[in-house]
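Undergrad: My structure is below; once you've seen it, I'll send some questions.
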Amino acid sequence: MRFLFKAMLWFFGVTIFLVIVFKWVPIPYTPLMAVRAMESRPEGKKPYEGHHDWVPIEKISKNMQRAVIASEDGNFLTHHGFDFNAIQKAMDNNEKGKKLKGGSTISQQTAKNVFLWQGRSYLRKGLEAYFTVLIELIWGKERIMEVYLNSIEMGDGVFGVQAASKYWYRKDADKLSKREAAGIAAILPSPRRYTATNSTSYIERRKSRIVKHMAYVGKLDY
């Protein structure tokens with residue numbers, strides 16, 4: 001019992017310390033980046049070439065910020081880490097046998113990408129909720145958006161919006177137009193399956209819907 005109590009103290013101490021540090025320090029590497037590097041090792045695959053360039057949020061186009069809110073988490077600016085309406089909707093549709101993405105918010109996705117492994121276990125979901133609460137309390141919305149856009153996978157071996165902007169459009173992240181930002185946001189459900197340029201008709205339709213919904217995001221009042 002005493003050992004368990006000490007272990008819990010260490011866990012809370014270390015995790016809170018990391019979240020405080022990463023409020024100010026750029027995240028250099030994520031678990032998913034490590035996984036992708038390991039996946040490329042089997043014989044016959046080309047050497048892994050990861051692309052990841054951290055940029056401050058001031059150098060990320062407002063179009064890109066609005067695009068991910070419009071496509072991934074419409075209530076990002078108002079919820080406190082969890083969108084319970086979206087979660088309930090996802091659960092209802094899953095019960096009906098409909099294929100629908102989960103109700104994860106940008107905050108939850110950020111917590112998972114930075115601190116945790118990929119998977120669907122109850123343990124990982126519990127830790128995801130824990131880290132989501134921490135980053136909402138300690139980081140705030142602007143920092144969460146900054147980390148999210150610098151850490152998520154936006155192509156095969158492409159992580160973060162600066163690398164994605166260079167990879168897909170050959171320009172910096174602060175120069176993205178509405179349509180270009182929507183192009184990157186449109187492939188986020190499956191960034192290694194779809195392409196932001198020379199896209200399928202499905203992705204082109206998603207781009208158009210995202211551009212339309214971006215108008216409703218309004219002012220980015222973090």
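Undergrad: Longest exposed-loop-site-free stretch of the chain, with GluC sites (Glu not before Pro), DSSP loop and at most 13 other Cβ within 10 Å? Please list the in-between numbers first.
TA: Working: sites that count: GLU43, GLU49.
Free of exposed loop sites, the longest segment is 50-222.
Undergrad: Just tell me the longest site-free run in the chain, where the sites are trypsin sites (Lys or Arg not before Pro) in a DSSP loop having at most 15 other beta-carbon atoms within 10 Å. Don't jump to the answer; show the numbers that get you there.
TA: Values: sites that count: LYS23, LYS45, LYS96, LYS98, LYS99, LYS101, ARG120, ARG170, LYS171, ARG192, ARG193, LYS219.
It runs 46-95.
Undergrad: Name the residues whose placed amide hydrogens come within less than 5 Å of the amide hydrogen of PHE22, ignoring near sequence neighbours (fewer than 5 apart) on the same chain.
TA: For PHE22, no residues qualify.
Undergrad: With labels modelled as points extended 7 Å from the Cα through the Cβ direction, what inter-label distance (nm, one decimal) is found for TYR216 paired with ASP156?
TA: Roughly 3.5 nm, to one decimal.
Undergrad: Further question: Based on the alpha-carbon gyration tensor of the chain and its eigenvalue square roots a ≥ b ≥ c, which shape applies: rounded if a/c is under 1.5, prolate if not and a/b is larger than b/c, or oblate?
TA: Details: a/c = 1.44, a/b = 1.29, b/c = 1.12.
Here the chain falls in the rounded category.
Undergrad: Which of TYR169, TYR130, TYR122, TYR216 has the fewest other C-beta atoms within 10 Å, and how do the rest follow up to the most? Working shown, then result.
TA: On the way: TYR169 18, TYR130 15, TYR122 7, TYR216 10.
Least to most surrounded, the residues fall as TYR122, TYR216, TYR130, TYR169.
Undergrad: Now for a different question. Assuming 0.36 nm per residue, please report the length gained on full extension of the stretch PHE3 to VAL21 beyond their Cα-Cα distance. Each step should come with its number before you reach the end.
TA: On the way: separation 18, 0.36 × 18 = 6.48 nm, distance 2.67 nm.
Full extension of this stretch gives 3.8 nm more.
Undergrad: Which FRET efficiency value, to the nearest 0.05, do you get for ARG209 and THR78 by plugging their Cβ-Cβ distance into 1/(1 + (r/R0)^6) with R0 = 22 Å? Display every interim value, and only then the final one.
TA: Details: r = 21 Å, r/R0 = 0.95.
The calculated FRET efficiency here is 0.55.
Undergrad: Residues of segment 57-81 with the amide nitrogen closer than 17 Å to a label point 7 Å from the Cα of ARG193, along Cα-to-Cβ, please.
TA: 72
Undergrad: Report, in listed order, any pair from LYS59/LYS125; LYS178/LYS219; LYS89/LYS141 with a Cα-Cα distance greater than 20 Å. Please list the in-between numbers first.
TA: Details: LYS59/LYS125 32 Å; LYS178/LYS219 15 Å; LYS89/LYS141 24 Å.
Violating the 20 Å Cα-Cα cut-off are LYS59/LYS125; LYS89/LYS141.
Undergrad: On to the next question. Using only DSSP helix segments of four residues or longer, with each worth -39500 (n - 2.57), what per-residue ellipticity at 222 nm results for the chain after dividing by its residue count and rounding to 500?
TA: One gets -17500 deg cm²/dmol as the mean residue ellipticity at 222 nm.
Each value in this text was obtained by applying a stated rule to the coordinates, not by laboratory testing. This structure is a prediction, so every number in the text was calculated from the model and none was measured. So basically every Cβ, Gly included, is an ideal-geometry build from the backbone, and we count neighbours across all protein chains shown.
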